[in-house]
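Heads up: the structure comes next, in structure tokens.
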Amino acid sequence: MISVLGVPFDAASSFLRGPAQAPNEIRKAFHSNSSNYFTERGIDLSEIGIWLDAGDLAFDAGNPLSLLENSIQNLLTQDHRVLTLGGDHSITYPVVKAFAKKYGRLNILHIDAHADLYDSFEGDKYSHACPFARIMEEELAVRLVQVGIRTLSKHQREQATRFGVEIFEMKDWNNTIQFHFQGPTYLSLDIDAIDSAFAPGVSHHEPGGFTSREVINIIQSVKGNLVGADLVEFNPTRDASGITAMLAAKLFKELLDRLLLSENE
Ligand code: MN
Ligand code: MN
């Protein structure tokens, strides 16, 4: 079973708020009559029982990071693959922590304009600019492969070297590059990896990114046992035409499809 959990959380964003509204907007776009429920591979996502919408996590009391970690852990003990929807990128650290408890050290494919490897950002070690520094420090990943990166500072290059991160910078991208992982694999998709022309609804516009098609191709072609994924950093407050919501819904469908493929392998 695949569980989908909405994560309406953007308190660790450094520049703008908004990704907390993403789960709702992505669901609306997903259910919109402007498209249908079929993935490109031909799977009908309206079929009952192939995946489950676990709703949105309620961040009402307690530490949001441990609340999220516990909720993911709860879904994983039921042997579900888990796809989280929305939130800023800070959520990936507690989510991956829960996955690593179940699976041990993971392969992580991280698609983003940013490496998110800051030791600390504006005094916050749990900022959305830091999740992969925490993940690597705690040795939650056996491999971290980053693609789409086009904002590396000197500090982040040093962090990448220190942690042995495999980076495919956007400037060096070509469409023959393929990803193959041995063992449990987690995919973290920051929608700002995609060019602002296709995805204006993000907090940090970083031109020179992927086309929508390129990222869909990466999702569809990655080899490995995909056990979980996230779709983060969609900011509906910046999405005047609703185009990014439709893109997020499309990516959601293809991520679900890819998780279903692993489930049946
Ligand atoms: Mn990010
Ligand atoms: Mn980013």
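The values are calculated or read from the model by the stated rules, or taken from the named source; none is laboratory data. Note that this is a predicted model, so its numbers are computed, not measured. Positions of Cβ are generated from backbone atoms using ideal geometry, with glycine treated the same way; all protein chains shown enter the neighbour counts. The area values use the complete protein model at the heavy-atom level, side chains included, leaving out ligands, DNA and RNA. Shrake-Rupley method; radii C 1.70, N 1.55, O 1.52, S 1.80 Å.
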Placing unit charges on C-beta atoms (Lys and Arg positive, Asp and Glu negative, everything else neutral), compute the dipole magnitude of the chain about its Cα centre in debye, rounded to 20. 300
Radius ratio Rg over Rh of the stretch 166-265, counting only Cα atoms, Kirkwood formula for Rh: 0.97
For a label point 7 Å along the Cα-to-beta-carbon line of residue 15, residues of the stretch 193-224 with backbone N under 19 Å: 193-212
Inter-label distance, nm, simple model (7 Å from Cα along the C-beta direction), residue 177/residue 162: 2.4
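Report the percentage of all Cα-Cα pairs in the chain whose separation exceeds 26 Å, rounded to a whole percent.
Here the tail beyond 26 Å accounts for 33 percent of pairs.
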Which residue fluctuates most in the GNM of the chain (Cα springs below 10 Å): 166, 214, 47? 47
The correct ranking of 93, 118 by accessible area at 1.4 Å, largest first, is 118, 93
Report the antiparallel proportion of the DSSP beta bridges in the stretch 155-265 as a percent, rounded to a multiple of 5. 10
Length added when fully stretched, residue 46-residue 153, from 0.36 nm per residue minus Cα-Cα: 34.2 nm
Mean accessible surface per residue for the stretch 22-109, computed with a 1.4 Å probe while every protein chain stays in place, in Å²: 46
If the only charges are +1 at each Lys and Arg Cβ and -1 at each Asp and Glu Cβ, what is the size of the charge dipole of the stretch 76-194 around the Cα centre, to the nearest 20 debye? 340
Quick one: how many lysine pairs does the chain have with C-alpha atoms less than 26 Å apart and a gap of 8 or more or different chains? Give me the count, please. 16
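In square nanometres, what is one fourth of the surface area of the convex hull spanned by the alpha carbons of the stretch 42-98? Numbers along the way, then the final one.
Numbers: hull surface 19.6 nm².
Mean projected area for the stretch 42-98: 4.9 nm², to one decimal.
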When the accessible area of the chain is computed with all protein chains present and a 1.4 Å probe, what percentage of it is carbon and sulfur? 51
